Structures are given as C-alpha cells and as structure tokens.
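Enquirer: Quick one: the structure is below, questions incoming.
Please treat every number below as a calculation from the coordinates, not as lab data. These figures come from a predicted structure and were not determined experimentally. Every residue, glycine among them, receives a Cβ derived from its backbone with ideal geometry; neighbour counts consider all protein chains shown.
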Amino acid sequence: MTNMYTILTMCAQNIGQLGGDDDGGDKDKDEEAERERLEAIREAEERRKDKHRKMEEEREKMRQDIRDKYNLKKPEEPKEPDPTPDNPLNRKKKTPEELAREAELEDEDELTKLKHTLETQVNEIRQQIEGKCALQ
C-alpha cells in the first residue's frame, strides 16, 4: 500500500518528464527524489510493523486476562509439525548411511534368494538322479 507522499513524488517526477526538461540538474533531483521516496517507504513500513506489533501485544494481554479470569492454561504451540508419512514429498530424506544399509540388505536378500533357488534346483536334480538310479 503506497502512502500519499509516494504518490505525490511519483506525480512530480512524471510532470517533470512531460515538461521535457533535460538538463543535468534533473538527474540529481531524480536521485534525491528516489532516495526520499525509498526513505518514506522504509519509514511507512516501520510504522506499519510497529502498529501491528502493538496490536498483537494488546490482543495477547486480552487473551491473558481471559485465561486468568477463567483459570485456563495457555495453549502450547506444537514445536514441530509431524510430516505426513503417506505423502512421499514430505518424507524425511535418508542419510547416506541409511541408503548404504538398505542397499546391503537388498543385496543380502538377492543373495539369499539366489542361494535358495540354487539349493532347490540341486535338490531337484539330486531327486531325479536318485530316481533314475533306483530304477536300474
């Protein structure tokens, strides 16, 4: 939201541009006007922040009066919101150690699967051979 001083400064700059004054003094005036405009914006922002800070202090005082009147405890703010685990975008990132551990477990799983597969195949071949030997 702009204040009245900013609007007037901008209008004055535009009027100077429309008049066609192109001497070197205008540059200095423009720079000075720009500095003043920025200073005015900064001051307005400080006043706005101060106003809102005071309003929040008054609200908190009123809240505390109500809490005191009705013997209520001040609600504690949650320190850290729990990320929803069902959303993969909000999950906690894994450390390199955790990634290495998972890869190792996957390798073990693959090796274990391979081992079991080989054992079952060897047992099948053994049974086939024993069946052929028993027939003779």
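Enquirer: Report the full-extension gain for the segment K93 to E39: residue separation times 0.36 nm, less the Cα-Cα distance, to one decimal in nm.
Expert: In short, 15.0 nm is gained.
Enquirer: At 7 Å along the Cα-to-beta-carbon direction for both C133 and E102, put a label point, then send me their distance in nm to one decimal.
Expert: 4.8 nm
Enquirer: Report the gain in length on full extension from E31 to L111: 0.36 nm times residue separation, minus Cα-Cα distance, nm rounded to one decimal.
Expert: Gain in length upon complete extension: 21.4 nm.
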